[in-house]
Structure formats: structure tokens, C-alpha cells
Amino acid sequence: MTNLLTVHLDTNYLGEEMSYTYEREINYYETDKMGIVHHSNYIRFLEEARCRWLRELGISMEILEEKGYTIPTLEVNCRYKTHVTSGDVILIKPIVTEYNGVRMKVSYDVIEKNTGNVVIKAWTKHCFTNTSLKPINMKKNNIEIHNIFDKLLNEALPV
């Protein structure tokens with residue numbers, strides 16, 4: 001059985017990314033003795049979605065590292081709403097909800113595809129660093145990358 005991994009990019013009429021959804025099938029080995037996804041796996045799922053999202057935006061973790069940047073995770077918050085089991089498909093929707101050039105917060109809705117039920121509501125906080133893990137300001141270090149994250153934040157803000 002293959003793992004279902006699908007990426008959806010919703011676009012506006014200009015062809016610019018407006019939202020992103022990462023689709024993932026739950027594997028049996030990710031469940032616990034009760035048959036539900038072990039809570040620790042959700043953090044991996046969030047990182048998978050975030051890394052795929054960055055890749056789709058043209059700034060994969062590998063590209064960032066080649067340019068001398070890292071984006072370590074500083075904090076994770078996860079509120080569990082319902083459970084999923086092996087074979088269920090989840091949709092993960094990351095959104096940049098805070099960004100100032102040095103730090104970023106990504107919020108996530110994780111939804112069970114067939115029912116539409118919210119599985120978890122989560123967020124992760126990150127900072128931008130050089131390869132020595134010294135915090136940097138992307139606006140001063142790489143305006144192109146800064147503009148991508150700034151645009152993502154502005155798309156997430158209410159009109």
C-alpha cells in the first residue's frame with residue numbers, strides 16, 4: 001500500500017499562491033494501541049506540511065540551507081479535537097499568522113477529509129537564523145525571501 005501524499009495549491013486569477021493544503025493518509029504504524037494516531041505524530045505531520053509548502057513556494061529547506069539560513073522551531077501548540085485512525089486522510093492547511101522578519105508563527109487547521117471534522121488546531125513559532133543559529137532579520141539578509149513570507153502574512157490577514 002502506498003502512502004497518499006497530495007499537494008493542493010489554490011490559485012487566484014494571477015496564478016499566485018493563495019492557500020495551500022497538504023493531504024496525507026494515516027499509516028497503521030502511526031497509531032497506538034488504541035488504534036488512533038499517537039499524539040506525537042501530529043508534530044511530524046505539521047513539519048511535513050510546512051516543508052512541502054515551502055518547497056512549493058520555491059524556498060525548500062535545502063535551498064534555505066544552501067543560502068545559509070535555517071528556520072528552527074521555537075514552540076509548538078496543539079489542541080486535539082478528535083482522533084483519526086489508519087487509512088483516514090487528513091488535510092493540513094498552514095497559514096502564516098505572524099511575521100516580522102525575524103520570527104514567524106504558522107497556524108494550522110488539520111481536518112479529516114471525509115467528514116470535514118477538525119482533528120487539531122495548532123501553531124508553531126519559528127525564528128530565522130544563520131548556520132551558527134544566530135537570529136537574523138530576513139528583510140535585511142534576503143529581501144526576496146522576506147517578501148515571500150510578508151506576502152503570505154498579508155494574504156492571511158482579514159480584509
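The values are calculated or read from the model by the stated rules, or taken from the named source; none is laboratory data. None of these values were measured; they are calculated from a predicted model. Because the Cβ atoms are built from the backbone with ideal geometry, glycine has one as well, and the counts that use them run over all protein chains shown.
Below are the figures for this structure:
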item: Residue check, Glu65 in a strand (DSSP E or B) and either of a type outside the set (Phe, Trp, Tyr) or under 17 Å from the mean Cα position of the chain (by Cα) (or both); result: no
item: Positions within region 126-154 being within 18 Å of the chain's Cα centre (by Cα), surrounded by 15 or more Cβ atoms within 10 Å (Cβ to Cβ), not in a loop (DSSP other than H, G, I, E, B) and not β-branched (Val, Ile, Thr), in sequence order; result: His126, Cys127, His146, Phe149, Asp150, Lys151, Leu152, Leu153
item: Matching residues in region 26-55 - criterion: being in contact with a Cys (Cβ under 9 Å, 6 or more places away or on another chain) and hydroxyl-bearing (Ser, Thr, Tyr); result: Tyr42
item: Long-range neighbours under 6 Å by Cβ, at least six apart or interchain, first residue at pLDDT below 85 within region 144-159, second surrounded by fewer than 17 Cβ atoms within 10 Å (Cβ to Cβ) and not in a helix (DSSP H, G or I); result: Ala156/Thr97
item: Matching residues in region 22-58 - criterion: being more than 13 Å from the chain's Cα centre (by Cα) and either within 29 Å of Glu144 (Cβ to Cβ) or among the acidic types (Asp, Glu) (or both); result: Glu25, Glu30, Asp32, Gly58
item: Failed item, numbered, when Glu75 is tested on (1) more than 24 Å from Asn141 (Cα to Cα); (2) modelled with pLDDT of 95 or more; result: (1)
item: Residue in region 61-75 that is closer than 21 Å to His38 by Cβ and surrounded by fewer than 16 Cβ atoms within 10 Å (Cβ to Cβ) present; result: yes
item: Unmet requirement for Tyr108, which otherwise passes all of (1) under 19 Å from Phe128 (Cβ atoms); (2) in contact with a helix residue (DSSP H, G or I) (Cβ under 7 Å, 6 or more places away or on another chain); (3) not acidic (Asp, Glu); result: (1)
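Yes/no per residue for (1) under 13 Å from Val76 (Cα atoms); (2) in contact (Cβ under 8 Å) with a residue 40 or more places away in the chain; (3) assigned to a strand (DSSP E or B):
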residue	(1), (2), (3)
Lys93	no, yes, yes
Val96	no, yes, yes
Gly101	no, yes, no
Val106	yes, yes, yes
Asp109	no, no, yes
Gly116	no, no, no
Lys121	yes, yes, yes
Thr124	yes, yes, yes
